[in-house]
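**Q** Sending over a structure as structure tokens; questions will come in a sec.
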């Protein structure tokens with residue numbers, strides 16, 4: 001990074017630290033903070049979509065669809081979420097490979113489960129064993145995002161289902177009185193109004209989502225926890241930058257990162273609540289109206 | 001091996017009693033159910049003890065956060081923010097790394113007349129180290145719940161206590177504390193459920209499973225790794241935890257009934273499942 005970093009053994013003090021914190025592995029470490037942010041940015045809308053679908057299904061008039069929706073939102077209730085994080089990527093991976101196996105190798109006659117092994121033909125492997133390293137990493141990350149979206153979608157389905165029921169019934173009846181169809185009432189009256197009722201639950205979920213991101217480590221993604229353990233471990237003098245066991249300081253750094261993320265989110269969500277309360281038939285909305293008048 | 005023999009060999013495997021070697025091939029359903037069930041002992045151990053000790057600290061934290069004096073209030077606020085604002089996973093790692101850094105031989109304490117050596121190596125074991133983290137963590141979450149309940153104790157109850165000449169400790173013991181518990185109980189039930197769920201993190205977060213004595217999820221992932229078949233062990237874990245959750249809801253429901261026994265039926269606070277307190 002810096003010109004004076006060419007021979008780390010000759011420098012010490014602050015310049016040593018500057019070189020140490022900008023070497024190749026640390027760049028990967030800083031990059032992994034980006035991975036966490038990308039995960040949050042992709043998962044939050046995806047989970048919201050899953051949740052919206054789940055809540056809509058739970059309100060459906062068709063019985064099997066309603067069961068599906070209710071079952072989906074109930075699944076997170078009794079079971080630890082980490083069990084899902086271990087199960088979902090594993091199961092999805094095998095599901096994809098099984099589907100591709102059925103399509104690509106129709107004349108394969110051996111069983112897929114041979115004792116303790118899961119065997120599919122080479123063309124059905126996900127990703128193909130010939131593909132480069134980054135494809136494997138991206139695929140692993142993609143599975144992790146999907147697992148997060150499925151689990152948090154179930155939480156969001158709970159929240160959104162409650163919010164849809166909390167919108168005052170008179171609002172919908174007014175819509176019907178103006179000649180709107182059921183679909184129009186849902187999209188034009190219910191959906192725009194439900195967000196303020198869903199917001200407390202959704203902001204809670206966002207906080208939980210932030211705090212669930214270190215679980216990426218369990219899914220084999222090279223995230224901040226992975227790098228903190230890797231870089232913090234004691235390095236002998238064979239390494240360019242020898243140091244004793246510094247894992248404690250690395251994890252302290254992660255702790256500060258998460259605490260500040262929480263603090264920033266709290267501030268932003270408080271602002272959002274104020275904005276969404278505007279013009280609503282709730283206590284907060286009423287207070288805003290009176291303050292303005 | 002018949003199923004009964006399997007239960008004898010592996011029923012208490014997570015405590016180190018019975019067969020040393022875990023099954024390595026030809027896994028039967030009975031082996032998976034037994035071993036995962038034996039791991040559940042640790043989940044119950046962590047959850048129950050953390051919940052019990054955390055309850056008392058949480059009461060103290062809630063009272064401290066409600067105090068007027070900033071020297072008492074601020075530490076409580078920071079404690080709650082620290083443990084609620086960061087992932088439990090990171091807390092586990094941090095605790096483990098700092099326990100490892102303590103000197104192996106123990107710390108010499110000089111009390112003037114006698115010297116004692118405080119052993120520290122047990123702190124790096126999951127049964128103690130992870131329990132301490134879970135205890136502090138649940139104390140922070142429960143402290144916030146209790147604090148919220150403390151703020152909503154009805155004014156009339158306090159005025160009635162004044163009218164009867166209750167003050168200080170007796171007012172707290174007889175009026176404020178029972179009312180606080182009654183108001184907090186539905187939320188506290190949720191906290192208990194998710195604390196038990198959080199105990200599955202212990203063996204994935206730095207604390208090593210010494211001699212393969214692990215919890216339910218540890219054994220489930222062992223089987224999933226060996227058989228490449230996640231569709232058997234994880235649903236077994238799920239089944240066990242659903243049973244555990246139902247048990248918690250039942251026990252807490254009984255306590256809730258007792259806390260509410262003086263109220264008319266309609267005014268009683270009911271438990272509603274709110275998935276808001278996972279960490």
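**Q** What does the average come to when, for each residue of peptide B:196-204, you count the partner chain Cβ atoms lying within 10 Å of its Cβ?
**A** Taking the mean over all residues of the peptide, I get 3.
**Q** When the helices in the protein assembly as shown are scored as -39500 (n - 2.57) per DSSP H run of 4 or longer and the sum is shared across all residues, what 222 nm value do you end up with, to the nearest 500 deg cm²/dmol?
**A** So the helix-based figure for the protein assembly as shown works out to -22000 deg cm²/dmol.
**Q** Once you average over the residues of A:87-100, how many Cβ atoms of partner chains fall within 10 Å of each Cβ?
**A** 2
**Q** By counting other Cβ atoms within 10 Å of each Cβ, how are B:6, A:181, B:28 ranked from fewest to most?
**A** A:181, B:28, B:6
**Q** Moving to a separate point now. Can you pull the three principal axis extents for the Cα set of the range A:158-293, in Å, largest first?
**A** Largest to smallest, the principal-axis extents are 80, 35, 19 Å.
**Q** Given points 7 Å out from each Cα along the Cα-Cβ axis, report the residue B:72 to residue A:42 separation in nanometres with one decimal.
**A** Simple spin-label model gives 5.1 nm for this pair.
**Q** OK, next. Calculate the spin-label point distance for residue A:286 paired with residue A:110, positioning each point 7 Å from the Cα along the beta-carbon direction, and give it in nanometres.
**A** Roughly 7.2 nm, to one decimal.
**Q** Students often check this: by mean Cβ neighbours within 10 Å, which of B:143-155, B:228-240 ranks highest, and how do the rest follow?
**A** Highest-to-lowest ranking by the protection proxy: B:228-240, B:143-155.
**Q** List the residues of the range A:92-108 whose backbone N lies under 15 Å from a point placed 7 Å from the Cα of residue A:122 along the Cα-to-Cβ direction.
**A** In the range A:92-108, the label zone of residue A:122 (backbone N under 15 Å from the point 7 Å along Cα→Cβ) covers A:105.
**Q** Fewest to most neighbouring Cβ within 10 Å: what's the order for A:266, A:97?
**A** The fewest-first ordering by Cβ neighbours comes to A:266, A:97.
**Q** Okay, moving on. Considering all projection directions equally, how large on average is the shadow of the alpha-carbon convex hull of chain B, in square nanometres?
**A** 20.1
**Q** Please give the average number of partner chain Cβ atoms lying within 10 Å of the Cβ of each residue in A:257-266, rounded to a whole number.
**A** Counting Cβ atoms of other protein chains within 10 Å of each residue's Cβ and averaging gives 3.
**Q** While we're looking at this one, here's another question. Taking the Cα-to-Cβ direction at residue A:236 and at residue B:173 and moving 7 Å from each Cα, how far apart do the two end points lie in nm?
**A** For the pair residue A:236/residue B:173, the computed spacing is 6.3 nm.
**Q** Calculated FRET efficiency, residue A:229 and residue A:174, Cβ-Cβ r, R0 45 Å, to nearest 0.05?
**A** Approximately 0.20, to the nearest 0.05.
**Q** Residue B:228 to residue A:67: FRET efficiency via 1/(1 + (r/R0)^6), r the Cβ-Cβ distance, R0 45 Å, to the nearest 0.05?
**A** 0.90
**Q** Does the protein assembly as shown come out rounded, prolate or oblate by the C-alpha gyration tensor, with a ≥ b ≥ c the root eigenvalues, rounded set by a/c under 1.5 and, if not, prolate when a/b is larger than b/c and oblate if not?
**A** It comes out rounded by the Cα gyration axes.
**Q** Could you work out how far the C-alpha centroid of the range B:193-212 sits from that of the range A:36-86, in angstrom?
**A** With the range B:193-212 and the range A:36-86 each reduced to a Cα centre, they are spaced 25 Å.
**Q** I've got another one for you. How would B:221, A:6, A:15 line up from fewest to most surrounding beta-carbon atoms within 10 angstrom?
**A** Ranked by crowding around the Cβ, least crowded first: A:6, A:15, B:221.
**Q** On to the next question. Computed FRET efficiency, Cβ-Cβ of residue B:163 and residue A:15, R0 56 Å: what is it to the nearest 0.05?
**A** 0.20
**Q** Let me ask you something else. Cα gyration tensor of the range A:15-292, axes a ≥ b ≥ c as square roots of the eigenvalues: rounded (a/c below 1.5), prolate (a/b > b/c) or oblate?
**A** Cα axes put the range A:15-292 in the oblate bin.
**Q** Let me make sure I get this right: for the range A:18-107, a, b and c are the square roots of the gyration tensor eigenvalues over alpha carbons, sorted descending. Under 1.5 in a/c it's rounded, otherwise prolate if a/b > b/c, else oblate. Which is it?
**A** Because a/c hits 1.5 or more and a/b fails to exceed b/c, the range A:18-107 counts as oblate.
Values in this text are rule-based calculations from the coordinates and carry no lab data. Bear in mind the structure is a predicted one, so any value in this text is a computation, not a measurement. Every residue, glycine as well, gets a Cβ built from its backbone with ideal geometry; the counts of neighbours run over all protein chains shown.
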